[in-house]
């Protein structure tokens, strides 16, 4: 049960759901999550634009979801360049594979993996893209995940995170609703990742905040190893 007196850190409330519960939620959500992409699309497309992906870049997406971002990465690299993607949910991976195969792409590798232990060597990727995952990650796992991101990126590699967020550290109404039923929100609550990304060693950090009537309040945080 969520502890209502759980203290926030850097203006972020805790995420109580275990990995097994998250996997179950997103296996089920794979059947309807396309509805959420309607309010996530603007921040996501802006994040992809800011990534400035080049044809020869080695790209990893952590948490591929339904594969819409992954498809954009495949469009931006040359056909001999393998794009890698991981997700906790096998059903999300299945949806991604079906989408990109239907679009005619074969230069990809997908795997069921945990962001806290990425199955890649050090200094492998030029771009690491991660969206709407850190907002369901427990506070104690932030440094673990970000250290893994740092490890697998090449020197000069770029990290792009897109997260459910808020303008600043002030409490927002969605946090009250989240405390009542985290699962109803698919485990996601607003996060502010800039300081954590800095603590992990990333440089040149830039943050954009996006909000609107048909846009999920989101931050885009760009940084460099």
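List of remarks:
- GNM flexibility winner over the chain from 27, 122, 163 (Cα, springs under 10 Å): 122
- Among 75, 42, 91: highest mean-square fluctuation, GNM of the chain, C-alpha pairs under 10 Å: 75
- Estimated inter-spin distance, residue 94 and residue 206, nm [label 7 Å along Cα→Cβ]: 4.0 nm
- Angle between the chain longest axis and helix 142-152 axis [Cα atoms, degrees, rounded to 10]: 10 degrees
- Computed from label points 7 Å out along Cα-Cβ, the spacing between residue 24 and residue 154 is 4.2 nm.
- R0 of 35 Å, Cβ-Cβ distance residue 214-residue 170: FRET efficiency to nearest 0.05: 0.95
- 221, 64 arranged by Cβ crowding within 10 Å, fewest neighbours leading: 221, 64
- Value of [θ]222 nm, deg cm²/dmol, for the chain, DSSP H segments ≥ 4, -39500 (n - 2.57) each, nearest 500: -9500 deg cm²/dmol
- Here the Gaussian network model covers the chain, with springs between Cα atoms less than 10 Å apart; of 157, 187, 11, 11 fluctuates the most.
- Shown here: Cα extents along the principal axes in Å, derived from the displayed model; of the candidates (1) 52, 38, 33; (2) 55, 41, 37; (3) 51, 36, 30, it corresponds to (1).
- Helix 19-29 axis, angle to the chain major axis (alpha carbon atoms, nearest 10°): 70 degrees
- Computed FRET value (nearest 0.05) for residue 56 with residue 177, which takes r as the C-beta separation and R₀ as 35 Å: 0.20
- Inter-site label distance for residue 112 and residue 79 at 7 Å from Cα along Cβ, in nm: 3.2 nm
- Residue order for 158, 23, fewest other beta carbons within 10 angstrom first, comes to 23, 158.
Values quoted throughout were computed directly from the atomic coordinates according to the rules given, and no laboratory measurement underlies them. Fair warning: this is a prediction, and the values are worked out from it, not measured in the lab. Here Cβ is always computed from backbone atoms with ideal geometry, including for glycine, and neighbour counts include all displayed protein chains.
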